[in-house]
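The structure appears below as structure tokens.
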Amino acid sequence: MELQQLRYFIAVAETEHVGHAAERLHISQSPLSRQIRLLEAQLGLQLFERVKQRVRLTPAGREFLVEARDLLAQASRVEERAREVGRGDMCSVSIGYCEGVVHNGRLPAALRRFRTAYPRARLKLAAMRSGEQTEALERSVIDVAFVYNPSHRSELLASRLLTSEPFVLAMADDHPLARKKAVTARDLDGAPWIAMPKENNPAARERFLAACKGAGFAPDIQFEVAQVANTLGLVSAGLGFAAMQASMQRMNPPGVVFKKLDWLPLTVDVHVMWRARAQSAGVRHFLDALEWPVNAKTEEALAI
């Protein structure tokens with residue numbers, strides 16, 4: 001039994017005339033009669049009784065009419081939902097993200113634009129480390145990842161640079177250096193520092209130390225703190241300096257001042273990653289909602 005047969009049956013039932021039903025359906029009368037007979041044979045039921053020039057539903061036909069209308073209505077809902085999913089109007093997008101993309105405002109802004117354009121879409125958010133996001137993306141646990149420098153390459157993934165920010169120096173507002181217009185590398189040599197735990201991102205720690213050495217100073221990392229808010233709290237207590245992305249200045253934390261580190265050759269880069277193949281409409285729409293830098297290029301990662 002096919003949905004088209006149900007449509008034919010309903011048309012005949014509503015018009016009580018095969019010829020009139022054929023005109024409504026824009027088909028000839030002969031194939032319509034043939035489909036009704038085939039449907040009755042498939043069901044093992046007599047759906048109509050012939051009375052002169054008209055056809056009328058049998059008791060079994062009246063019961064079947066109710067079920068046929070319900071089935072067609074359900075099929076229509078399923079079809080419309082599939083179209084909505086295909087267009088991205090009703091979809092589910094799972095997003096993994098690093099802390100930096102929240103602080104610089106790019107992720108919140110994209111979420112706002114996406115939600116405005118597709119209010120029926122379902123969003124799932126998970127704060128994850130960059131390595132965890134890459135693995136989750138490969139396993140299809142998440143659809144989009146916001147990571148610091150991508151470490152693992154796969155032919156199934158594509159990536160694109162979203163933001164690149166310079167570092168700034170955070171210090172207590174009553175520190176002697178807070179009164180200086182500019183801070184030099186000599187000012188920071190051997191001073192106590194607060195940093196993210198090394199095990200969170202060993203490569204980032206190595207890049208930071210190498211940049212400091214190249215600039216001519218060695219930080220004395222005395223405290224390791226995972227949360228940026230806690231780091232700023234220790235900075236305000238005068239326990240040490242901290243280097244962080246420039247957009248953190250927007251938080252305007254009490255007891256903390258920021259100084260430029262233009263001479264430090266280091267940036268906080270955030271990349272967006274997604275599966276290069278089998279993208280859903282929802283993922284495409286979300287990627288469109290991001291504000292990409294001018295001339296940003298998509299790179300399909302190659303297997304190593």
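No value in this document is a laboratory result; all are computed from the given coordinates. Everything numeric here is computed off the predicted structure, so don't read it as measured data. Every residue, glycine among them, receives a Cβ derived from its backbone with ideal geometry; neighbour counts consider all protein chains shown.
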Considering only Ala75, Ala211, Ala243, give the residue with the highest GNM mean-square fluctuation for the chain, with springs between Cα atoms whenever their separation is below 10 Å.
Ala75
Please list 3J(HN,Hα) in residue order for region 138-150, calculated via the Karplus relation 6.51 cos²θ - 1.76 cosθ + 1.60 where θ = phi - 60°; whole Hz, with x for glycine and proline.
5, 8, 6, 6, 10, 9, 9, 10, 10, 10, 6, 2, x
Given R₀ = 51 Å, FRET efficiency for Lys180-Arg284 by Cβ-Cβ distance, to 0.05?
0.55
Mean separation of Cα contacts under 8 Å (6+ apart) over length of region 3-87, as relative contact order %:
28
Under 5 Å between amide hydrogens, which residues at least 5 positions from Phe48 or on another chain qualify, with H placed 1.01 Å from N in the peptide plane?
Thr58
Percent antiparallel among DSSP beta bridges confined to the chain, rounded to 5, stands at 70
So if we plug the beta-carbon distance of Gln46 and Thr116 into 1/(1 + (r/R0)^6) with R0 = 41 Å, what FRET efficiency do we get, rounded to 0.05?
0.15
Can you list residues from other chains, or at least 5 along the same chain, whose modelled amide H is less than 5 Å from the amide H of Leu266?
Phe167
Where Rh denotes the Kirkwood radius from the mean inverse Cα pair distance, what is Rg over Rh for region 91-304?
1.01
Stretched fully, the stretch from Arg69 through Glu291 gains (0.36 nm per residue minus C-alpha distance, one decimal, in nm) 75.2 nm
At most 12 other C-beta atoms within 10 Å and a DSSP loop state: those are the exposed GluC sites (Glu not before Pro) I care about. Give me the longest piece of the chain that has none.
3-154
Max mean-square fluctuation residue, GNM over the chain, Cα-Cα springs under 10 Å, options Asp189, Asp143, Asp269:
Asp189
Where does helix 29-43 land angle-wise versus the long Cα axis of the chain, in degrees 0 to 90, nearest 10?
80
Mind running the shape call on region 78-218? Use the C-alpha gyration tensor, a ≥ b ≥ c as the square roots of the eigenvalues: rounded below 1.5 for a/c, prolate if a/b tops b/c, oblate otherwise.
prolate
If contacts are Cα pairs under 8 angstrom and at least 6 residues apart, what is the relative contact order of the chain in percent?
23
For the chain, the longest stretch holding no trypsin sites (Lys or Arg not before Pro) located in a DSSP loop with at most 13 other Cβ atoms within 10 Å is which?
182-276
Of Val235, Val257, Val12, the most mobile residue in a GNM of the chain (C-alpha springs, cutoff 10 Å) is Val12
Once amide H atoms are placed 1.01 Å from N in the peptide plane, what residues at a sequence separation of 5 or more from Leu157, or on another chain, have their amide H within under 5 Å of its amide H?
Ala276, Ala301
What angle do you read, to the nearest 10 degrees and between 0 and 90, between the alpha-carbon axis of helix 3-15 and the longest principal axis of the chain?
50
Fully extended contour minus Cα-Cα distance, from Thr58 to Lys198, at 0.36 nm per residue
42.5 nm
Per DSSP helix of 4 or more residues, -39500 (n - 2.57); summed, then divided by the residues of the chain. What does that give at 222 nm, rounded to the nearest 500?
-13000 deg cm²/dmol
Distance in Å, no decimals, from the C-alpha centre of region 126-194 to the one of region 201-244 is 11
